[in-house]
Amino acid sequence: MTLDHLPRGKSAIITSVRWDDLAPEEGRRLRALGIDEGTSISIAHRGVFAGADPIAVTIGRMTVAMRRVHAMAMTIEVEGSAV
């Protein structure tokens, strides 16, 4: 599942990021904000525009807005759903 499909209120771990799908400066910005493989993340809010863009994600005690296309590049595992 990709991050853009995570239901609001659920937590997940980012298992992989397709960095090549992002512009280099976008990847650097996300990494600087602590968004990388192994990060625990949840959806705080979704935008009201077409495609529910942008998405506000919570990382620790910080909330960060990101474009939906960035969330689509991140594969996640919902916490508590591991087999």
### Task
Report in % the part of the accessible area of the chain that belongs to carbon and sulfur, leaving out ligands and nucleic acids; probe 1.4 Å.
55
#### Entry: Computed accessible area, residue 11, all protein chains, 1.4 angstrom probe, square angstrom
50
### Query
When the helices in the chain are scored as -39500 (n - 2.57) per DSSP H run of 4 or longer and the sum is shared across all residues, what 222 nm value do you end up with, to the nearest 500 deg cm²/dmol?
-3500 deg cm²/dmol
### Task
Just subtract the alpha-carbon distance of residue 25 and residue 8 from 0.36 nm times their residue separation and send over the number in nm, one decimal.
3.4 nm
### Mean Cα-pair separation over length for the chain, i.e. relative contact order, pairs under 8 Å, 6 or more apart, %
42
### Summary
Ranking 15, 75, 39 from most to least accessible area with a 1.4 Å probe gives 15, 75, 39
#### Entry: Sparsely packed trypsin sites (Lys or Arg not before Pro) within segment 32-83, loop by DSSP, other Cβ within 10 Å at most 16
61, 67
## Note on the structure
So residue 56 and residue 15, fully extended at 0.36 nm per residue minus their Cα-Cα distance, gain in nm 12.9 nm
### Query
Which of rounded, prolate, oblate describes the chain, given a ≥ b ≥ c as roots of the alpha-carbon gyration tensor eigenvalues and a/c under 1.5 marking rounded, otherwise prolate only if a/b is larger than b/c?
rounded
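The values are calculated or read from the model by the stated rules, or taken from the named source; none is laboratory data. Because the structure is a prediction, the values reported are computed rather than measured. With ideal geometry, Cβ positions are generated from the backbone for all residues, glycine too; neighbour counts draw on all protein chains shown. Only protein heavy atoms, including side chains, enter the accessible area calculation; ligands, DNA and RNA are left aside. Shrake-Rupley method; radii C 1.70, N 1.55, O 1.52, S 1.80 Å.
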